Amino acid sequence: NNSDLQDHMTPMNDMQQSRQYKKSMSALMKTLRNQGYKTINVIGPPGSGKTTLSSLIAQNDKWVHKNLDTLLFDDSGTKSTSPSSVIMKVIRSEKHIVLDGLYYSSLKSRIESVDLFVVLDTNMLTCSRNILHRSLRAQKLKSAEKISLSLIRYFFKYFFIFKRGIHRVIPVKKIYHF
């Protein structure tokens, strides 16, 4: 169907308006409420809509939204020397929290503390388009969101390495595909 293809090719802000996105969001929120989850981690490649989805979840259910880029990187782009401990401290400090980001190197340390990992199943073309669109808009970007060699390297690592590894590391019962 041509309209389904168009939905997948549209930047996240426009996609929020689509029926498909609203239906998926409604199903996710129903799952979150019915299961009584307290800690959610939205993961996906750069440009997949992690921050957008995390913000919507937080707004709908009054959860605290924490972006891992903001937690783990300072304004100059320097990464925390102990990402696992920073993330775990934040998880323990909040009753209901939505984490936004993957940081594969610290994934194993938080599996027990996260109730549900929402994996964004977005294709490379859509993510690339969203990254470019985000970069071209006149707005202040976090250092980890700016187009850089590091972002490009991480983008390809996600699709060719991390995406497969996620399913080997996270128990299936803790994964929700969105």
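The values are calculated or read from the model by the stated rules, or taken from the named source; none is laboratory data. Model, not experiment: these values are computed from the prediction. Reconstructed Cβ throughout: ideal geometry from the backbone, glycine too, with neighbour counts over all protein chains shown. For accessibility, only protein heavy atoms count, side chains too; no ligands or nucleic acids. Shrake-Rupley method; radii C 1.70, N 1.55, O 1.52, S 1.80 Å.
Quick look at the numbers
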item: Qualifying trypsin sites (Lys or Arg not before Pro) in the stretch 94-134, DSSP loop, other Cβ atoms within 10 Å at most 11; result: K95
item: Options (1) 16.8; (2) 16.1; (3) 23.1 - which one matches Kirkwood radius over Cα pairs in Å as calculated here; result: (1)
item: Heavy-atom accessible surface of the stretch 109-172: percent carbon and sulfur, 1.4 Å; result: 62
item: Sum of -39500 (n - 2.57) over DSSP H runs of 4+, divided by residues of the chain (222 nm, nearest 500); result: -14500 deg cm²/dmol
item: Set of lysines near K146 by C-alpha distance (under 23 Å), chain-local residues within fewer than 8 positions excluded; result: K50, K66, K79, K157, K163
item: Accessible area (Å², per residue) of the chain, counting only protein heavy atoms and a probe of 1.4 Å; result: 56
item: Net charge dipole size for the chain [Lys, Arg +1 and Asp, Glu -1 on Cβ; Debye, nearest 20]; result: 300
item: Amide proton proximity set for V119, modelled H, under 5 Å, gap of 5+; result: I43, Y176, H177, F178
item: Computed over the stretch 47-178: relative contact order in percent, which uses C-alpha pairs under 8 Å that are six or more apart; result: 32
